[in-house]
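Here's the structure we're looking at; comments come further down.
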C-alpha cells in the first residue's frame, strides 16, 4: 500500500491506455470478489486472537450472494471518467464500497429486526445461533446476537475505509475521492434517519417518501459509486454532471422497484419475507399514494394493518388488494418507467466511452427489472 503524506508531491506519469471495447460486468464482479477474499484472508491471518476469525467468517457469509451493484457502478465510473484498461484502483475502491454496504445492511437488519437477508439468517440471528451452539446460554442469545452484529457492522465500516484508502494511491487521488466518500456516508446516514423517523407513520406525503429514496438509495447506491470511480480516473467536471444526470433518476427507480418487490415480490427470489416492510410500517411512496387514493373504508383497513408486528399473509393480501385497486401500484410502475427513461436518455449525449455507456444501459435495465 502506498503511504500518503500531507505534502503535495508530483504525480507519477500515467501511461495512456485506451478503454476496452466492451465491459465484461461478470468479470468485474469476479475481480471485486477476489479483492474482498484477498483482503479478508489477510485479516484472518493477522487476527490478534482465535475469537476474530469466526467473526470474519460471518462477514464472508454475509457478503456472499450480493448483487455487487455499487462495485459495478464504481468500475463503470472509472471507465466513464477516462480510466485506463488497468482498473485495479477502481476494483479496490469497489470492494471497499461493498464492505460499506455490508456495514449498512447489518445495522439496518438490527434496526428493522429482520430475520433474514439474501435467503439466510440475518447477521444478528446467525451470531445468536452461533453463540448458543458454542455453549452460550440461550437466555443471552438475542442480546449477544444484536451486540455482535453491531460490532460486525462496525468492523465492515472500518475495513471498507482501509480498502478505499488503498485505492486512492496518490495525494491528488485522495483529495478527489475522500470528499465524495464523506458526502456518501453522511447522505446515507441522513437517509436512514429520515427512514427511521417516518417508519410507522401512514402518510400521504409522497414528497417526504421521495426524499428518503433520494438520500437513502439514489445518491448512495448509484450517484456516489459512479463519481468515486470517475474521481479515481481523474474525470472532468462535465463527466460528474453527466453521471449525476444518469444516476439520480435511476437510483430513484431502483428504490421504487425495491419498494414494490418488498410487498409484491417472490420471497424465494428476494431472499427475505415480503411481510417485513408492512410489519415495520415502511413509509414508502407506494403507501403514500395508496393513502391519497384509497376510499375511507380502504384507509381504515390500511391503518388497521400497517406497521402491525403480527401481520399475517392474509392481512398482507388485503393490503395488496388495496394497493392494486387504488392504482398506487400502477402509479409506482409508471414512476419507475419515467425515471428509467430519463436515465437512459441522459446517456445519449454523455461524454463517456461507448463501452461505459453500454454497461450503464445494461445495469439500468437489470436494476429496475420486475423481478428480485
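Here, each number is a calculation from the coordinates, and none is a lab measurement. Given the structure is predicted, the values throughout are model-derived calculations rather than measurements. Using ideal geometry, Cβ is built from the backbone for each residue, glycine included, and neighbour counts are taken over all protein chains shown.
Of note:
- For segment 222-281, a tally of residues being outside any helix (DSSP H, G or I) and either touching a strand residue (DSSP E or B) at 6+ places or on another chain (Cβ under 8 Å) or farther than 17 Å from residue 317 by Cα (or both) returns 7.
- Among the residues of segment 40-88, the one identified as without any contact (Cβ under 8 Å) to a residue 12 or more places away in the chain and under 27 Å from residue 368 (Cα atoms) is 67.
- Filter result for residue 94 (crowded, with 19+ Cβ neighbours inside 10 Å and either in a loop (DSSP other than H, G, I, E, B) or in contact (Cβ under 8 Å) with a residue 60 or more places away in the chain (or both)): yes
- Residue tally, condition without any contact (Cβ under 8 Å) to a residue 12 or more places away in the chain and assigned to a helix (DSSP H, G or I), over segment 21-36: 4
- Subset of segment 97-151 that is more than 25 Å from the chain's Cα centre (by Cα) and outside any helix (DSSP H, G or I) - its residue that is nearest to residue 33 (Cα to Cα): 134
- Verdict on residue 256 being more than 15 Å from the chain's Cα centre (by Cα) and either more than 25 Å from residue 75 (Cβ to Cβ) or surrounded by 23 or more Cβ atoms within 10 Å (Cβ to Cβ) (or both): no
- The residue list 134, 145 contains one member that is closer than 14 Å to residue 55 by Cβ, buried (at least 16 other Cβ atoms within 10 Å of the Cβ) and free of Cβ contacts under 8 Å to residues at least 24 places away in the same chain, which is 145.
- Looking at segment 290-372, the helices (runs of 4 or more DSSP H) lying wholly inside it that each contain 3 or more residues that are within 20 Å of residue 205 (Cβ to Cβ) sit at 296-305, 313-325, 328-346.
- Across segment 169-186, a minimum of one residue is classified as surrounded by fewer than 22 Cβ atoms within 10 Å (Cβ to Cβ), touching a helix residue (DSSP H, G or I) at 6+ places or on another chain (Cβ under 7 Å) and not in a helix (DSSP H, G or I).
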